[in-house]
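**Q** Okay, here's the structure, questions in a sec.
The values are calculated or read from the model by the stated rules, or taken from the named source; none is laboratory data. Predicted model, so just to flag it, every value in this text is computed and none were measured. Using ideal geometry, Cβ is built from the backbone for each residue, glycine included, and neighbour counts are taken over all protein chains shown.
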């Protein structure tokens, strides 16, 4: 087996991965107030008109628009005030020709009225009469029935990631429970003879597990539920067994492979032997992150992320993040937040390879600047010091100091 | 009391609000793996060197660099192989002059060696001898003790929002428990005679509560814990009582005021009577969102958000979001994600006022375009249809079709 039989771009790797993805079908019904960031499992039509009655959008007087035609400061329209619409009630009053009824923002338009003159255009004569000094058009300052949303109109698509405003709108329509997809369960396996639990004191040659925890935190941010399966030594049989467990009991498996050639080979062999079609991608044109493996076995995705902590996180964002969203039924994977910044130092690269370089963001002379934190991809602290990662696209030979660079922000 | 005695910009309103903020001081100790998005309550120094031993960053051979000086394809350096460093162990071998030891990425450098020749620069002669075809410098392909982070070096500042990579680094250093600030508890009060619980069927003139739920979801996204105190009618005494409860038992109070002048007046009076100094800001130069009230009483902030659901969310993001972050001890409020897009239609505005217009984002001819969704600020569905909000800055008279506009994305 060659080390990297065919390195592909991250975009090509994603297309291959996506073509083997089978989104979860299971659903659950939750209180709508607890569905933030979950994915709708059905399209939602409005069960009713909102508003269900014509509402005033202003403080003023409900009236017949035709009574105010031609009104001006010099020739105001004189109207008798028949009373007041109380908030939250339907009024028993009917506005006749030459009459008006006091109304507040959000109040229900009384029968007979077809518009509201805003208070600023009204002069109060006495308790029972007003003068309107500007003409009012029919429907002016009135929200008609269904103006916000009509009965049976589409509110949210299926496969939509629920935002705060969606929760507000659903509650406003009385949709207090909602069917969402269950969260995909993602196995996390760390491999390496030298890796130990963070609870233990490392002996010489040993190092604590980082990747299980950074990956698990990222899975949660992507809408999945991390299922850490533990740390296993460099033992193909053990990896095969644990991989089988992960494939049987969860929806996807992420292996944080050791960084040495031998452990990467082990991951390759385990994925290849896990089922059909086996390894799909072996190596991506990304730095850091080249030794990434994508496979599929019996309808489930396996991703072998490189072991260096920076590489792990870069490739997670490129491949595992969208995979988990899609697996969870989300049709449009949310874009990762980015900012543009002026680069303070050259970043070398090679055409045909994407580079991700941790940067520190600062405001200098009113401009956002990005200063690269150069360091090996095995240094986790390059990421704790960084505010984001500068992207050198596939088709560039590098970026020069002074150029504008896109910086991806991680949560 | 005048309607708006002095409208200020949102930036000025924020400065006033911030000057009255008293961050929470309470802390709690959590498992590090459960601290995503929480705020560190102390600065974290590394308890040890990482790595704690010199590690190879390549697969290859540990050796003395001086043995390879002048080596080339034509005149390789011939070295005896003394064995192999096993992963996760310290080696009992000592590399003498003219010797090498096989090593894997992440392996511990054996005594006597000061560099690693990568496998690509080595020709294997037989099981006990190699030829190195390029010179190796001292320290080459070796991570020295503390190269990632040194003992007592700062890892994370106090007041830092914890990201996935921070969790990875903390675990890698054996910091499995972490002191974070407790989450600020934020009361949410909805007011209005016409507002009913979403569980109920509205009668004519009634409308279901939207804002309690959109605000609560936003509080959670900002790191706070929403404490909904319920819906109260337009009754000053009741509002005063509930406001007092909120101020006594939680860290901040958000009132979603009714939209009519009378209910806004009620909120003003309640804030003014809640304690010292009372109302600080009454009206901001933002559309939608003008009728916003900021107050403080006995060291706690009160924000009166306008009742229209779009206004509520716009002003929440401008003022309540950063307030909750700061209240929770976060020193650097995370920027809201933004994209730049080409506007498809004119957006009118007025100098001296910020405008936020819901927009739909689409890719047209390879360019991201923003199409305004014009509609009253009382239509919640303008936000469910929108991908983000286009910003018309304070100093512009509006934006023209074809111009580039910043679009703020909400979660």
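**Q** What are the residues in the range A:20-34 that are over 18 Å from residue B:381 (Cα atoms) and within 11 Å of chain B (Cβ to nearest Cβ), if any? Outline the logic, then answer.
**A** Of the range A:20-34, the ones over 18 Å from residue B:381 (Cα atoms) are A:20-31, A:34.
Of everything in the range A:20-34, those that are over 18 Å from residue B:381 (Cα atoms) and within 11 Å of chain B (Cβ to nearest Cβ) turn out to be A:31, A:34.
**Q** Another question, if that's okay. Being out of contact with any strand residue (DSSP E or B) (no Cβ under 6 Å at 6 or more places or on another chain) and buried (at least 21 other Cβ atoms within 10 Å of the Cβ) is the filter; apply it to the range A:221-238 and report the residue that is nearest to the other protein chains (Cβ to nearest Cβ). Step through it out loud before you land on a result.
**A** Within the range A:221-238, the first condition is being out of contact with any strand residue (DSSP E or B) (no Cβ under 6 Å at 6 or more places or on another chain), and the residues that meet it are A:221-223, A:230, A:233-237.
Adding the requirement that they be buried (at least 21 other Cβ atoms within 10 Å of the Cβ) leaves A:222-223, A:234.
Working: A:222: 10, A:223: 12, A:234: 7 Å.
Filtering first and then ranking leaves A:234.
Let's see how each residue does on (1) farther than 28 Å from residue A:274 by Cα; (2) at pLDDT below 95:
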site: A:306; (1), (2): no, yes
site: A:309; (1), (2): no, yes
site: A:321; (1), (2): no, no
site: A:325; (1), (2): no, no
site: A:330; (1), (2): no, no
site: A:339; (1), (2): yes, yes
site: A:342; (1), (2): yes, no
site: A:350; (1), (2): yes, yes
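**Q** Can you give me the ranges of the strands (runs of 3 or more DSSP E) entirely in the range B:5-87 with at least 1 residues that are in contact (Cβ under 8 Å) with a residue 12 or more places away in the chain and surrounded by fewer than 20 Cβ atoms within 10 Å (Cβ to Cβ)? Explain how you work it out, then say what you get.
**A** Numbers: elements: B:27-31, B:60-63, B:77-84.
So the answer is B:27-31, B:77-84.
**Q** Next question, about the same structure. Go through A:371, A:384 for me and flag whichever is over 25 Å from the mean Cα position of the chain (by Cα) and not in a loop (DSSP other than H, G, I, E, B). Give the steps one after another, and end with the answer.
**A** On the way: A:384 fails: over 25 Å from the mean Cα position of the chain (by Cα).
After ruling out the rest, the residue left standing is A:371.
**Q** Now for a separate question. (1) under 23 Å from residue A:57 (Cα atoms); (2) more than 14 Å from chain A (Cβ to nearest Cβ); (3) crowded, with 24+ Cβ neighbours inside 10 Å: which one isn't true of residue B:263, the others all being true?
**A** (2)
**Q** For the range B:74-93, enumerate the residues that are away from chain A (no Cβ under 14 Å) and either touching a strand residue (DSSP E or B) at 6+ places or on another chain (Cβ under 9 Å) or closer than 14 Å to residue B:125 by Cβ (or both). Give the derivation first.
**A** Initially, the range B:74-93 is screened for residues away from chain A (no Cβ under 14 Å), giving B:74-83.
The answer is B:76, B:77, B:78, B:79, B:80, B:81, B:82, B:83.
**Q** Hey, among the residues in the range A:94-108 that are crowded, with 16+ Cβ neighbours inside 10 Å and within 10 Å of residue A:63 (Cβ to Cβ), which one's nearest to the other protein chains (Cβ to nearest Cβ)?
**A** So the first thing to find is which residues in the range A:94-108 are crowded, with 16+ Cβ neighbours inside 10 Å, and the list is A:95, A:99-108.
Checking which are within 10 Å of residue A:63 (Cβ to Cβ) leaves us with A:95, A:99-101, A:103.
Numbers: A:95: 16, A:99: 20, A:100: 17, A:101: 13, A:103: 9 Å.
Per the stated criteria, the residue is A:103.
**Q** Among the residues of the range B:276-283, is there at least one that is farther than 29 Å from residue B:180 by Cβ, modelled with pLDDT under 95 and surrounded by 24 or more Cβ atoms within 10 Å (Cβ to Cβ)?
**A** Yes, the conditions are met somewhere in the range B:276-283.
**Q** Report, by residue number, each residue of the range A:161-174 that is more than 7 Å from chain B (Cβ to nearest Cβ) and more than 21 Å from residue A:224 (Cα to Cα).
**A** As a first pass, look at the range A:161-174 and keep what is more than 7 Å from chain B (Cβ to nearest Cβ): A:161-162, A:170, A:173.
Result: A:170, A:173.
**Q** Residue B:216 - would you say it is within 30 Å of residue B:256 (Cβ to Cβ), crowded, with 22+ Cβ neighbours inside 10 Å and more than 8 Å from every other protein chain (Cβ to nearest Cβ)? Break it down stepwise before answering.
**A** Working: within 30 Å of residue B:256 (Cβ to Cβ): yes; crowded, with 22+ Cβ neighbours inside 10 Å: yes; more than 8 Å from every other protein chain (Cβ to nearest Cβ): no.
Judged against the criteria, residue B:216 is not a match.
**Q** Report the residue count in the range B:353-392 for those that are in contact with a helix residue (DSSP H, G or I) (Cβ under 6 Å, 6 or more places away or on another chain) and surrounded by fewer than 20 Cβ atoms within 10 Å (Cβ to Cβ).
**A** 2
**Q** Residues in the range A:327-336: is at least one out of contact with any helix residue (DSSP H, G or I) (no Cβ under 8 Å at 6 or more places or on another chain), over 23 Å from residue A:244 (Cα atoms) and buried (at least 24 other Cβ atoms within 10 Å of the Cβ)? Let's see the steps before the verdict.
**A** Taking the range A:327-336 and keeping what is out of contact with any helix residue (DSSP H, G or I) (no Cβ under 8 Å at 6 or more places or on another chain), we get A:327-332, A:335.
This time we only want the ones that are over 23 Å from residue A:244 (Cα atoms), so: A:329-332, A:335.
This time we only want the ones that are buried (at least 24 other Cβ atoms within 10 Å of the Cβ), so: A:329.
Yes, that holds for at least one residue.
**Q** Here's something else I'd like to know. Scan the range B:215-252 for residues that are at pLDDT below 95 and within 24 Å of residue B:180 (Cβ to Cβ) and report the count.
**A** So the answer is 0.
**Q** Can you tell me which condition residue B:317 does not meet? The list is (1) out of contact with any helix residue (DSSP H, G or I) (no Cβ under 6 Å at 6 or more places or on another chain); (2) modelled with pLDDT of 95 or more; (3) away from every other protein chain (no Cβ under 12 Å); (4) within 26 Å of residue A:106 (Cα to Cα), and all the others hold.
**A** Only one criterion is unmet by residue B:317, namely (3).
**Q** Next question, about the same structure. Does residue B:395 satisfy being surrounded by fewer than 17 Cβ atoms within 10 Å (Cβ to Cβ), touching a residue at least 24 places away in the same chain (Cβ under 8 Å) and outside the structural domain of residue B:318 (by TED's automatic domain parsing)?
**A** So residue B:395 fits the description; yes.
**Q** Any residue in the range A:93-109 that is assigned by TED's automatic domain parsing to the domain that holds residue A:127 and closer than 8 Å to residue A:82 by Cα sitting within a Cβ distance under 8 Å of a residue that is modelled with pLDDT under 95 and crowded, with 17+ Cβ neighbours inside 10 Å? List the pairs, counting only those 6 or more apart or interchain.
**A** Going by the 8 Å Cβ cut-off, the qualifying pairs are A:101/A:91; A:101/A:93.
**Q** So, in the range B:387-411, how many residues would count as being within 24 Å of residue A:170 (Cα to Cα) and assigned to a loop (DSSP other than H, G, I, E, B)?
**A** Selection size over the range B:387-411: 4.
**Q** How many residues does the range A:175-200 hold that are facing another protein chain (nearest Cβ under 7 Å) and more than 30 Å from residue B:208 (Cβ to Cβ)? Give the derivation first.
**A** At the first step, the residues of the range A:175-200 found to be facing another protein chain (nearest Cβ under 7 Å) are A:176, A:192-194, A:198-199.
If we keep only those that are more than 30 Å from residue B:208 (Cβ to Cβ) as well, we get A:192-194, A:198-199.
Residues meeting the conditions: 5.
**Q** Of all residues in the range A:239-260, which are closer than 18 Å to residue A:21 by Cβ and within 14 Å of another protein chain (Cβ to nearest Cβ)?
**A** A:254
Per-residue answers, yes or no, for (1) more than 26 Å from residue A:196 (Cβ to Cβ); (2) in contact with a strand residue (DSSP E or B) (Cβ under 7 Å, 6 or more places away or on another chain):
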{"site": "A:219", "(1), (2)": "no, yes"}
{"site": "A:247", "(1), (2)": "no, yes"}
{"site": "A:252", "(1), (2)": "no, yes"}
{"site": "A:284", "(1), (2)": "yes, yes"}
{"site": "A:326", "(1), (2)": "yes, no"}
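**Q** Taking the conditions exactly as written (in a strand (DSSP E or B) and either buried (at least 21 other Cβ atoms within 10 Å of the Cβ) or touching a helix residue (DSSP H, G or I) at 6+ places or on another chain (Cβ under 6 Å) (or both)), does residue B:117 satisfy them or not?
**A** On the way: in a strand (DSSP E or B): yes; either buried (at least 21 other Cβ atoms within 10 Å of the Cβ) or touching a helix residue (DSSP H, G or I) at 6+ places or on another chain (Cβ under 6 Å) (or both): yes.
The answer is yes for residue B:117.
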